[in-house]
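The values are calculated or read from the model by the stated rules, or taken from the named source; none is laboratory data. All figures in this text were calculated on a predicted structure; none of them were measured in a lab. Neighbour counts are summed over all protein chains in view; Cβ atoms, including those assigned to glycine, are modelled from backbone coordinates with ideal geometry.
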Amino acid sequence: MKYKWSIIRTGAKAVWDAQTLSEKPELNGMQEAVGGYIENIPKNWLKKGVKVMYVNEEGRMYDLPPNPVASTLLNNGELLVGDVLVQWHVTMGLADVLPTGGMDMPVEGEYIGE
């Protein structure tokens, strides 16, 4: 199975505003993406098609802004804070993950948004 990595920033208006990375980031790249130490979101919280999700471990303590777009990739209604690093299944597309449909991740290396 093929997976891609993307960063969903707190200012994103929709999933397609994510920045897709060209390769898997190393630990320091993951920490840079979320702005601190990484914390793995439990697998059973993730919707089908999302393999791994990382957030800033101290995001709530530092009162980081909410990330409602990344939160749509969870199946438990939890509200994530801060920038989120996500690994997702390429062939599935996120239209199958999100209840609203019609949303796909950007192609490799492409940044879509403001």
If Glu57 passes every condition in (1) over 14 Å from the mean Cα position of the chain (by Cα); (2) exposed (fewer than 14 other Cβ atoms within 10 Å of the Cβ) but one, which one does it miss? (2)
Evaluation of Glu32 against (1) free of Cβ contacts under 8 Å to residues at least 24 places away in the same chain; (2) closer than 12 Å to Gly82 by Cβ (one fails), failing number: (2)
Of all residues in the range 23-50 being modelled with pLDDT under 95 and farther than 17 Å from Glu78 by Cβ, the one that is nearest to the chain's Cα centre (by Cα): Gly49
Answer yes or no: is there a residue in the range 64-72 that is touching a helix residue (DSSP H, G or I) at 6+ places or on another chain (Cβ under 9 Å), modelled with pLDDT under 95 and hydroxyl-bearing (Ser, Thr, Tyr). yes
With (1) out of contact with any helix residue (DSSP H, G or I) (no Cβ under 7 Å at 6 or more places or on another chain); (2) modelled with pLDDT of 95 or more as the list, and Asp83 as the residue in question, which single condition is left unmet? (1)
Name the single residue that is modelled with the lowest pLDDT among those in the range 1-22 being of a type in the set (A, V, I, L, M, F, W, C) and assigned to a loop (DSSP other than H, G, I, E, B). Met1
